[in-house]
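The values are calculated or read from the model by the stated rules, or taken from the named source; none is laboratory data. If you're wondering where the values come from, they're calculated on a predicted model, not measured in any experiment. Don't worry about glycine lacking a Cβ; one is built from the backbone with ideal geometry, like all the others, and counts go over all protein chains shown.
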Amino acid sequence: MIRVGLVAYLNAEPLVRALDPERYTFVPGHPDAVARDLARGAVDVALVPVGAIFGDRLDVRVVPGWCIGCDGPVASVLLAGETAPEAWTEVLLDGVSRTSALLARLLISGPLARRFRSDVVIRDVPPGTGLAGAGGTVAALTIGDAARGLPPRFRHTVDLGTAWRSWTGLPFVFAVWAGRPDLDPGVVADLRAAGATGTAAIPAHHHGADLTYLSQNIRYSLDDRALMGLRRFGALLAERGLGSGHFALFGPGRLQPRDPTASMLLARLLDGAPLSLDETSRIADDAPLVDLLAAAELRRSALFGDAPVRWGTDSEAVVLAIGAGETTGDRLRQIAAWHLLAPPAMRIVAVEAQGPVGTTPNTATDQLRWQALARLLGPAVPLVAAEATEGTGMAQLALTFGADTWGSTSDPIRADREIREAGRSPQAIA
């Protein structure tokens, strides 16, 4: 039997309802306990709070496809008090969920600071004790079903999902499926398939307030925007010394494909099979970005591992410009031509689009997609993330998804730090 760590909250039901009970057994616990069970091997896979992944440096990978998150009001992760936030003298962060506690700290010290007293005390308390200690000007963090059924005396609340969305413009991810790197690929596939089946069946199993909560407050898709929100959360934690800011995904060869043809072709590409232009075009246009990014990082690791990457200057790298009106075929033919040129390095840069905004694909997502494709389809040379053109944030993100080193910079000390935080060991910064 496969042991599955799980919090018995309503929002987790759609992700596990379709799992075969003859193969899977559930080990319940509160979020922090589930993360500890995974760390000590008491379960094989778990729906863990993302704070544990960033904070505990667990040797795990994240299953793409599904999560428990939100994109605005979540209704089940709240700061609650009897008085208005402006009057709170203390906020108790219930230890039942480290993710929510970390999010609360970021928000209270950041965008919500103007709503709180400058001398407000933020205090961690044991799991399940937050609300019991709240009253008067003392507020508490509460999550899950308890937050949805607050006693009437807690008339004032702050929805952390709303605050995050207002601050970043991105979804927030509270929990993800995670397992050790050697997790059976069949389990990964089952989790993805169960998530697709269970979330589609929400209207058939839930009604009234529960249906509203699951269909309007909870966001289950771990798609491109959710991953960017997760990366942003990790980066903010790392910036404040509260976590590592890093996580890894299971690669596409271990996944139940969302686009069967494109994902199958991507798996073949990783295995070294030669593909036609039509087949690589299918990957470029239709493969989920999360699968492309995971595949690119696997290819980068296979080529260079964690060894320092040596190369010359920005001017020596071949460049693919995104946003100049080129087609998918144009881009793929240019990458293919690089094999004949044998360049010392390659770069992907976004240029200002011609015509109305949105008519030419050159968003941050497009740039990440083509960086991944260059790593997968291009020659075995360094893929350069250049601060001068991408900006620090995009360049550091690229280093996590297939890029190898940093381009020219006016601040080599900061660049060295950014590269090391992204898990690379720079040998030379031009």
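Look at (1) out of contact with any strand residue (DSSP E or B) (no Cβ under 8 Å at 6 or more places or on another chain); (2) not in a loop (DSSP other than H, G, I, E, B) and you find that G243 fails only one, number (2). Taking the listed residues V4, V96, the one that is outside any helix (DSSP H, G or I), closer than 24 Å to I218 by Cβ, at pLDDT below 90 and over 20 Å from the mean Cα position of the chain (by Cα) is V96, with no other qualifying.
No other residue among S263, S215, S281 is outside the structural domain of A52 (by TED's automatic domain parsing), modelled with pLDDT of 85 or more and in a helix (DSSP H, G or I) apart from S281.
Picking from P85, P21, which residue would you name as being over 20 Å from the mean Cα position of the chain (by Cα), outside the structural domain of A134 (by TED's automatic domain parsing) and not acidic (D, E)?
Working: P85 fails: outside the structural domain of A134 (by TED's automatic domain parsing).
The conditions single out P21.
Of the listed requirements (1) assigned to a loop (DSSP other than H, G, I, E, B); (2) under 22 Å from W66 (Cβ atoms); (3) not polar (S, T, N, Q), A147 misses just one: (1). All but one of (1) at positive phi; (2) of a type outside the set (A, V, I, L, M); (3) at pLDDT below 70; (4) within 18 Å of the chain's Cα centre (by Cα) hold for T400, so report the exception by its number. In the conditions (1) at positive phi; (2) of a type outside the set (A, V, I, L, M); (3) at pLDDT below 70; (4) within 18 Å of the chain's Cα centre (by Cα), T400 misses (1) alone. Within segment 133-144, not a single residue is of a type in the set (S, T, Y) and surrounded by fewer than 15 Cβ atoms within 10 Å (Cβ to Cβ). Listed conditions (1) assigned to a loop (DSSP other than H, G, I, E, B); (2) within 30 Å of A204 (Cα to Cα) are all met by W66, apart from (1).
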